[in-house]
Structure formats: C-alpha cells, structure tokens
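What follows is a single structure, written as structure tokens, with notes after it.
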Amino acid sequence: MSDTFVQNESIETLIHRYKSTIYGVALSYTSNRADADDIFQEVFLIYYKVNPQFNDEEHRKAWLIRTINCSLRVVQSTYHKRVIPMDQNEMNEGSFQFRTKEENAVYLALQQLPEKYRTVLQLFYFADMSVESIGNALNLKVSTVKVQLMRGREMMKNK
C-alpha cells in the first residue's frame, strides 16, 4: 500500500495496484477463472463509471472488495447455477497451476473451505489486510472476522 493517498489516480494505476487482490478474492469466491475474470472486469468498470471519492487508501480498498460482493450476484444467479462451466475441473486436471506444488496444494485446500472462511483468509494473508479492514470491507464485526480467521486456520491445518 502506498504512503500517500492520491484521490484521482488513473484506472491503469489502480488496476495494477489491486489486480492480485481483486482477482485473488474473486477466484476464491468462484473457484473458476472465467467467473473471476468477469468479476475483475466488472469491479473496475463500476469503479470507472462511478468514480467514487475516498478518504484514504484503506477506504478505496474496502470499496473495491465490497464491489466484488455485488458482482457475485451474477455468479450466484439461477442461470449460473444451472450451467456447468467447461472448465469446472480446471484445478483437478492441472490446467490452472501456480508456480509451486505447495502453492497449488494451499489453493486447493483453501477452495475446499466454506466461503466465509476462505474469504477472510484470502484477504488477511494474500491481500495483507488488517482484521479491522476486513471487517469494514465485508461489513462484519472485528470479533466475527477474528473467529472466522481462527476457524479457517484450524480447517486449513486439518487439510
């Protein structure tokens, strides 16, 4: 995260800064690259259209993550639930790979967790967000985030 907050940065700069966070969270929600790509594009399209104003960088990051939640409506629609994506087994078949076997194993284990645990773990460990920031972004109490992190870690240990 940058030390200075710039209100009117270019969309390209913001995409570059937040691409791994937004895509990672979208992928953790969907477990599907095509849907994660769609959500990623939707988030930054909404940002571009709305041109929201923020107090600081944490506020911007929380807004982007809340926008992911809004974009999930498409993924969770009745139509989407009835359609079987062609790449539904992409992780099992090896077409979607990280750099190391360990990263692949962690990702697969993370994908097996319930969404609420998967999301807070993703934001805490991969997006480097504080418990308070996660709570703000997901509209959860700090204590709820802490419990979900604790339970998610325990589930990951068991996997």
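What follows draws every value from the coordinates through simple rules; no lab data is involved. Computed from a prediction, not measured in an experiment: that's the story for all the values here. Note that we place each Cβ from the backbone using ideal geometry, even for glycine, and neighbour counts take in every protein chain shown.
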Revision key, fill the gap. Set LYS19/LYS157; LYS19/LYS141; LYS19/LYS49; LYS49/LYS141; LYS116/LYS157; LYS61/LYS101, cut-off 21 Å on Cα-Cα distance; pairs above it are LYS19/LYS157; LYS19/LYS141; LYS49/LYS141; LYS61/LYS101
**Study point:** Cβ-based net charge around VAL147, under 13 Å, with every Lys or Arg adding one and every Asp or Glu removing one
**Key:** +4
